[in-house]
Amino acid sequence: MIETKTNDLTFSTLDKDAGLKAAIGTKPADVIGTISDSALKGRGGAGFPAGFKWKLAAEAESDEKFVICNADEGEPGTFKDRLLLSDFADLVFEGMTIGGFAIGAKSGILYLRAEYTYLLAHLEDVLAKRREENLLGENILGKGFDFDIRIQMGAGAYICGEESALIESLEGQRGEPRNRPPFPVEDGFKHKATIVNNVETLCWAAAVMSKGAKWFKSAGTEQSAGFKLLSISGDIANPGVYEIEFGTKISDILHMAGCECEKGTPCKVKAIQIGGASGICVPAKDIGRKIAFEDIATGGSIIVFGQDRDMLHVAKNFLEFFVEESCGQCTPCREGNVVLLDGVELLEEGKCSMKYLNELVSLGETMKVASKCGLGQTSARAFLSIVKHFKDEIMGREPISV
Ligand SMILES: Cc1cc2nc3c(=O)[nH]c(=O)nc-3n(C[C@H](O)[C@H](O)[C@H](O)COP(=O)(O)O)c2cc1C
Ligand code: SF4
């Protein structure tokens with residue numbers, strides 16, 4: 001088992017399956033009402049309201065419905081779902097079962113990141129135990145509700161975390177995003193109504209059913225209710241998984257993970273990448289900003305860069321990732337990432353003019369709006385924010401004499 005530093009997690013305080021017991025003692029519409037009242041938003045990154053997603057799937061006309069737990073966790077710097085799968089697997093399956101009850105599904109699928117194959121045996125054991133305890137299978141807890149869960153492995157592609165590519169992959173096709181609409185809630189796995197939720201979202205849904213919508217909504221901010229798990233890594237003393245309340249300042253998060261600049265030592269942080277490779281790079285001067293959907297949203301990845309990090313190298317690293325991971329379906333993403341990476345290499349050699357840098361910025365902005373899916377719509381963000389905040393550093397290279 002990998003040791004992960006963490007603070008006190010709400011999930012450790014919950015009574016086992018209290019949320020499921022509360023849910024199946026009511027009606028599906030009541031469960032959706034409670035999740036909606038809690039204002040829980042998806043923790044996978046996009047922040048779509050969970051209750052509304054479940055309502056749409058519950059109302060969809062479909063002879064079969066599915067619950068998919070997105071455990072692909074491919075965003076660089078994100079490893080909070082790994083902790084949930086290893087330490088709180090019962091809670092993940094509880095959340096899926098509650099989702100199944102709410103939308104009228106009998107089947108759930110956990111799509112597990114290929115790199116997490118080592119967790120498979122543990123997860124299968126937890127599933128088997130839940131079947132023995134009548135928390136899965138037929139007539140769950142004697143309430144006439146049938147639901148079971150299976151696990152399907154991913155194959156290592158970042159794009160398969162995008163929900164429609166994930167569904168294609170589950171169906172045995174190449175993992176490429178679908179045209180949307182229609183959305184999975186009405187036309188998902190096997191073209192049936194499907195909810196796709198992040199691992200953490202499902203855990204919070206179970207927590208909400210256990211502790212109540214009011215408890216959850218009273219934490220966080222007006223537009224970002226509740227709590228968020230963060231995976232903190234990079235140049236920081238205590239990397240790990242930490243729970244915060246939405247609205248927490250970046251500076252407080254850094255101190256939580258061992259940054260000591262408050263104690264009088266000079267700040268060693270140069271920048272913080274929030275949201276992984278597809279997120280934004282925040283310079284140290286902006287550590288007063290907050291983690292919240294209305295300020296800086298994140299699926300959970302926080303990567304700290306110390307003073308001696310080369311920000312152009314950071315941009316290059318992320319762009320290499322996107323060139324590799326683009327599915328190639330649409331031109332702005334397939335070609336755009338390659339052109340941005342070529343531009344970074346020109347910058348490295350001191351051969352990029354300000355005029356060309358501006359063209360690269362304009363290309364990045366175009367990719368945001370012209371790409372087909374979230375990968376291409378976000379892949380230029382790190383580059384753009386590094387250009388914005390570290391222009392002097394990236395333009396200051398010595399031209400290489402040839
Ligand atoms: C390229 C790409 C990769 C993604 N990877 C993940 C992932 O690993 N896990 C995840 O939960 N969501 C991921 N998402 C977001 C999903 O498409 C989807 O919005 C999410 O699973 C919905 O769950 P939520 O509403 O509970 O957040 C990704 C999106 C994109 C565009
Ligand atoms: S944006 Fe990129 S990953 Fe998404 S469909 Fe287009 S090429 Fe594929």
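Values in this text are rule-based calculations from the coordinates and carry no lab data. Bear in mind that the values here come from a model prediction, so they are computed numbers and not experimental data. In this analysis, Cβ positions are derived from the backbone assuming ideal geometry, glycine residues included, and neighbour counts consider all displayed protein chains.
Values computed for the structure shown
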read-out	value
Loop GluC sites (Glu not before Pro), the range 169-253, which have at most 12 other Cβ atoms in a 10 Å radius of their Cβ (DSSP)	GLU171, GLU222
Acute angle (nearest 10 degrees) that the helix 120-132 long axis makes with the longest principal axis of the chain, alpha-carbon atoms	20 degrees
Anisotropy class of the range 5-215 from Cα gyration tensor, a/c 1.5 cut	rounded
Dipole in debye (nearest 20) - the range 227-306, about Cα centre, beta carbon charges: Lys, Arg +1; Asp, Glu -1	200 debye
Most mobile of ALA257, ALA155, ALA165 in a GNM of the chain (Cα contacts under 10 Å)	ALA155
Folded to 0 to 90 degrees: helix 89-103 orientation relative to the chain principal axis, Cα	70 degrees
Mean Cβ count within 10 Å, highest first, over the residues of peptides 345-354, 306-315	306-315, 345-354
Total charge dipole magnitude, the chain, about the Cα centre, Cβ charges on Lys, Arg, Asp, Glu only, Debye to nearest 20	740 debye
Shape category assigned to the range 198-337 from the gyration tensor of Cα positions, a/c cut at 1.5	oblate
Using distinct alpha-carbon pairs, which all enter the 1/r mean, Kirkwood radius of the range 56-98 in Å	12.4 Å
Whole-angstrom gap from the range 299-327 to the range 172-251, using each part's C-alpha centre	23 Å
Pairwise centroid distance, computed over Cα atoms, of the range 124-162 with the range 77-103, Å	10 Å
Projected area averaged over orientations for the chain, convex hull of C-alpha atoms, nm²	20.1 nm²
Net length gained if the chain between LYS355 and PHE52 were fully extended (0.36 nm per residue, minus Cα distance)	104.5 nm
Rounded to 10°, Cα long-axis angle of helix 28-38 versus longest principal axis of the chain	40 degrees
Among ILE386, LEU347, CYS373 the positive-end extreme of the charge dipole of the range 319-402 (Cβ point charges)	CYS373
